[in-house]
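Enquirer: Structure below; questions to follow.
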Number of protein chains: 2
Amino acid sequence: MDLALELDLRRGRRIGLEDALRQAIVAGRLPAGTRLPSSRVLAEELGLGRATVVAAFEQLAIEGYLVAAPGSGTRVASIPALGGHADLAAPERRVLHTDLLPGEPDLGSFPRAQWASTIRRVLTTSGDDLFSYDDPRGRRELRVALAAYVSRARGVHAHPDRIVVVPGYSSAIPLLADAFCALGITRVAVEDPCLPPHARALAAAGQELVPIPVDDGGLRVQDLGDEGAVLCTPTHQYPIGVALAPDRRGALVTWARETGGWVVEDDYDGEFRFDRHPVGALQGLDPSRVIYAGTASKSLAPGLGLAWLVLPPALVEPVVQARRRRRAAVSTIEQAALADFIDTGRLDRHVRRMRSAYRRRRDALLSILVPRYEVIGIAAGLHVTVVTERERELVERATSRSIALLGIGDHVVAEQTRSGLVVGYSRAPAHAFAAALERLAAVVEDA
Amino acid sequence: MDLALELDLRRGRRIGLEDALRQAIVAGRLPAGTRLPSSRVLAEELGLGRATVVAAFEQLAIEGYLVAAPGSGTRVASIPALGGHADLAAPERRVLHTDLLPGEPDLGSFPRAQWASTIRRVLTTSGDDLFSYDDPRGRRELRVALAAYVSRARGVHAHPDRIVVVPGYSSAIPLLADAFCALGITRVAVEDPCLPPHARALAAAGQELVPIPVDDGGLRVQDLGDEGAVLCTPTHQYPIGVALAPDRRGALVTWARETGGWVVEDDYDGEFRFDRHPVGALQGLDPSRVIYAGTASKSLAPGLGLAWLVLPPALVEPVVQARRRRRAAVSTIEQAALADFIDTGRLDRHVRRMRSAYRRRRDALLSILVPRYEVIGIAAGLHVTVVTERERELVERATSRSIALLGIGDHVVAEQTRSGLVVGYSRAPAHAFAAALERLAAVVEDA
């Protein structure tokens, strides 16, 4: 294969090669699954040292652009197939007819009429400052509404002055990376597996990633060391689906206190728990060490680009400064609308309605899967994880039948320790969901 | 004075001091106008070398946090008084009763009812993908609408595939800085004077600033050297108000072609020209070297956070990649709404209506100023520049009477070569404008 890479070596050979590969992958010139030449061959072709090529491959693997498959060389990661995340507007994902990807709610259920009337009310009743530049923390009426909401719905200790509104959780990661950097932190732990774009965003903002394995009890807190912070999903580990074991919740907070580390709690689907005793946010255990991150991307729509951080006092100032510096702006009108949507109880009602709908979808999905497979992570969220050693085989079989789903392997940072399928049940349109399940059944039953 | 700076020296002494000062300024602990101790005194107090303190002061002056006033030491810049810009949500500006700051349109004229009905129509008629994650270039229907709009209204050569939607022009600066960096560019020229937050955003993204003076012909193109790019306001220099002289327009494009440099044309108020022969965008002269930047912040409202770049082919990919990496998200619903607002002719009608209103305001303002002062930059935009040697005296006199306006000195990057007042006439509410003029008259007539 001819890679046709144009190397710009002015900032060094390794960086030049990394940039060229990143650009080729992002631009789609190197589609997912493409096998790269071996480091030896590529080094020879490009006139670079082999160590340079190996180092570039390793960096890109950590950032999630490449995956090293034992026995089959280095391949381009299936970034685009990871639908439903900010940096993945992949034409590819529209080609597949049956959408069982995780990451997005049912877009067909967006409360269009209610949102339109909320916007109209906000436009009718707000003062002219609604149209001005945003407060660097986000609009106050939204922060007030959110403080009440996260406290009521998720057990978060919140005050409007410690909330910062951000354009999505993934947009918040660079802000947190900057804030950590301002506090002298250069290494941040991430769960392995996790959502690759989040790890990439952290690395792109200059933080060194330290992957920490996940087991049945969630993040292996005992493996944390002197990292300055950790990004995690304690309520519903993504993608495995387990909740952080109770003793580890305590241990995580103890780690933070004893080492001076920070815990970022990504509560991406906290609203959607189907068991009777919902797990409250970890943040409640120690609001002075845990950063709580919530989002409207699952409860309403990713397109809004609305998320929020509840910060320990010491982090408010560094995060606000990073938000200014990075010019992370959020529409003021939509902020006011979300505040109104919360205050009038519409968000709670919408979440309740969707929770019932998703629970029905989940039950239908489980009726197909559980007879044959161990299925985990079913108590919450918009996806389940199917434990199977034949992950690759099943993903490929699904893909060949135009069914889009992911494997745990698509989420690996450093090392794949368990294998299985990650099946999202929220994205398929309501009218197509039954058919999607039938098609999935044909794949898993044959197997 | 006791600065009470907490220095974190882990990343070095100079950086530690810079960060501490920046944070104190941004947090308001060092208000605008505060005189800092001399570098000698501060070095002694903090136990740092004097060269370290001088270097930190210089860097913060370039970034716009500090100003060195000859004979009166180093002072904290009046950043917050520069109202109407993304990083300036200053409580301070609300204290002043008469608002003659530049930078924001008349927020009271926002077309509330039309925008609400546009949102409703978009929510009623769009497909479900409206609620999904954004395309990394921005939504296609908006890019199509913008290509037609900038071509028609501003003579820009545009194609939807070369447009990238961004959350405001200042949010685009880090993206451009990253794209330049990916092309090996590390030094970018800026106009001196210019809007300080823009220079700061460029510096914060890692580019070295090269200030280029502005004279009666606008940017002194002849002073450009081997910088890899230049940010400029050729149609209506901010804050001086002059248009780039015709021979310099040609020379600027020649500079770009001969050196391989890039020109960023910030067309921040291009819609508001009051003369009969509007100056078309510079970009038309060479769309392969000029990046055109337009915004809805002046024509509609800053709170929307909607702006757009029309890029040379070679820059599309690096800017898109930077937008992904930095997670610069723009509300998909509001993008669709702006597309509809343009397609239905509502934006043009709103701009025409506002142009008449602003022209009337400008004429009223000039009737007060021209008898006594030379006033420049009156052919376009939402501010005028009053040439006067007594800039500081008049700004202080205005401030003491609760009138907020700026001096050219508030916009200096390296060296102040001319002095005068920058008087914005769009921000005062319509009902308060006549009174604002009376109060201004009392200030300038006394003088």
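Enquirer: Compute, for A:V54, the solvent-accessible surface of its heavy atoms (probe 1.4 Å) with the complete set of protein chains present, and express it in square angstrom to the nearest 10.
Expert: It works out to around 50 Å².
Enquirer: Can you give the net charge of the other residues whose Cβ lies under 14 Å from the Cβ of B:R360, counting K and R as +1 and D and E as -1? Numbers along the way, then the final one.
Expert: Numbers: positive: B:R352, B:R353, B:R355, B:R359, B:R361, B:R362; negative: B:D106, B:D363.
Result for the neighbourhood of B:R360: +4.
Enquirer: May I ask you to list the trypsin sites (Lys or Arg not before Pro) in region B:248-289 that are in a DSSP loop and have at most 13 other Cβ atoms within 10 Å of their Cβ?
Expert: Working: sites: B:R248, B:R249, B:R257, B:R273, B:R276, B:R289; in loops: B:R276, B:R289.
Within region B:248-289, the qualifying trypsin sites (Lys or Arg not before Pro) (loop, at most 13 other Cβ atoms within 10 Å) are B:R276.
Enquirer: Once the other residues with Cβ under 10 Å from the Cβ of A:V351 are scored (Lys, Arg +1; Asp, Glu -1), what is the net sum?
Expert: It works out to a net charge of +4.
Enquirer: With the solvent-accessible surface defined on protein heavy atoms using a 1.4 Å probe, which residues belonging to region B:142-171 display a reduction of at least 10 Å² in accessible area in the multichain context relative to the isolated chain?
Expert: Going by heavy-atom accessible area, the residues of region B:142-171 that drop by at least 10 Å² are B:P167, B:S170, B:S171.
Enquirer: Mind jotting down the distance between the C-alpha centroids of region B:116-173 and region B:221-285, whole Å?
Expert: 24 Å
Enquirer: Of B:I333, B:M354, B:V386, whose Cα points farthest to the positive end of the dipole of region B:281-386 (charges on the beta-carbon: +1 Lys, Arg; -1 Asp, Glu; origin at the Cα centre)?
Expert: Of B:I333, B:M354, B:V386, it is B:V386.
Enquirer: Looking only at other chains, what is the average number of their beta-carbon atoms within 10 angstrom of each beta-carbon in A:332-340?
Expert: Numbers: counts 5, 13, 7, 1, 1, 2, 0, 0, 0.
What the average comes to for A:332-340 is 3.
Enquirer: Let me have the 222 nm mean residue ellipticity of chain A computed from DSSP H runs of 4+ only, each contributing -39500 (n - 2.57), with the sum over all residues rounded to the nearest 500. Before the final figure, lay out the partial values.
Expert: Numbers: 14 runs with 182 residues, N = 447.
Helix-only estimate at 222 nm: -13000 deg cm²/dmol.
Enquirer: Ok, one more. Hey, what did chain B get for relative contact order, percent, Cα under 8 Å, at least 6 apart?
Expert: 20 percent
Enquirer: For region A:380-447, rounded, prolate or oblate, judged on the Cα gyration tensor with a ≥ b ≥ c (square roots of eigenvalues), a/c < 1.5 rounded, else prolate if a/b > b/c?
Expert: Working: a/c = 2.18, a/b = 1.43, b/c = 1.53.
Because a/c hits 1.5 or more and a/b fails to exceed b/c, region A:380-447 counts as oblate.
Enquirer: With +1 assigned to the C-beta of every Lys and Arg and -1 to the C-beta of every Asp and Glu, and no other charges, what is the dipole magnitude of region A:221-359 about the Cα centre in debye, to the nearest 20?
Expert: Numbers: 18 positive and 17 negative charges, 105 e Å.
Dipole of region A:221-359, to the nearest 20 debye: 500 debye.
Enquirer: Moving on. Using a 1.4 angstrom probe on the protein heavy atoms only, could you order A:T52, B:T332, A:T125, B:T259 from most to least accessible area? Could you put the intermediate results ahead of the total?
Expert: Numbers: A:T52 35, B:T332 0, A:T125 100, B:T259 75 Å².
Per-residue accessible area, sorted high to low, gives A:T125, B:T259, A:T52, B:T332.
Enquirer: Across peptide A:293-301, what mean number of C-beta atoms from other chains lies inside 10 Å of a residue's C-beta? Before the final figure, lay out each step's value.
Expert: Details: counts 0, 0, 0, 0, 2, 0, 0, 1, 8.
Counting other chains' Cβ atoms within 10 Å and averaging over A:293-301 gives 1.
Enquirer: Something else about it: Quick check for me: using +1 on Lys/Arg Cβ and -1 on Asp/Glu Cβ, what's the dipole size of the protein assembly as shown about its Cα centre, in debye to the nearest 20? Can you show the working numbers first?
Expert: On the way: 108 positive and 108 negative charges, 390 e Å.
Rounded to the nearest 20 debye, it is 1880 debye.
Enquirer: Heavy atoms of the protein only, probe of 1.4 Å, neighbouring chains included. What is the accessible area of B:M354 in Å², nearest 10?
Expert: 10 Å²
Enquirer: Here's a follow-up. For region A:240-351, what class follows from the C-alpha gyration tensor (a ≥ b ≥ c being the square roots of its eigenvalues): rounded when a/c is under 1.5, otherwise prolate if a/b is larger than b/c, else oblate?
Expert: Numbers: a/c = 2.38, a/b = 1.20, b/c = 1.99.
In terms of gyration-tensor shape, oblate.
Enquirer: Starting from the Cα gyration tensor of region B:170-317, take the square roots of the eigenvalues, sort them a ≥ b ≥ c, and report rounded, prolate or oblate (rounded when a/c is under 1.5, otherwise prolate if a/b is larger than b/c, else oblate).
Expert: Details: a/c = 1.37, a/b = 1.10, b/c = 1.25.
In terms of gyration-tensor shape, rounded.
Enquirer: For the protein assembly as shown, with the dipole built from +1 on Lys and Arg beta-carbon atoms and -1 on Asp and Glu ones, taken about the Cα centre, which of B:A435, B:A113, A:G420 lies farthest toward the positive end?
Expert: Farthest towards the positive pole: B:A113.
Enquirer: Looking at B:G218, B:L176, B:V190, which one has the Cα that reaches farthest to the positive end of the dipole of region B:117-235 (charges on Cβ: Lys, Arg +1; Asp, Glu -1)?
Expert: It is B:L176.
Enquirer: Tally Lys/Arg at +1 and Asp/Glu at -1 over every other residue whose Cβ is under 10 Å from the Cβ of B:I212; what's the total?
Expert: Value of the local net charge: -3.
Enquirer: So for the protein assembly as shown: antiparallel DSSP bridges make up what percent, rounded to the nearest 5? Could you put the intermediate results ahead of the total?
Expert: On the way: 51 of 89 bridges.
Beta bridges within the protein assembly as shown, antiparallel portion: roughly 55 percent.
Enquirer: Once the label point is set 7 Å along the Cα-to-beta-carbon vector, what list of distances in nm do you get between A:R10 and its counterparts in the other copies?
Expert: 3.4
The values are calculated or read from the model by the stated rules, or taken from the named source; none is laboratory data. Quick caveat: nothing in here was measured; it's all calculated off a predicted structure. Methodologically, a virtual Cβ is constructed for each residue, glycine included, from the backbone with ideal geometry; neighbour enumeration extends over all protein chains shown. Surface accessibility is based on the protein's heavy atoms, side chains included, excluding ligands, DNA and RNA. Shrake-Rupley method; radii C 1.70, N 1.55, O 1.52, S 1.80 Å.
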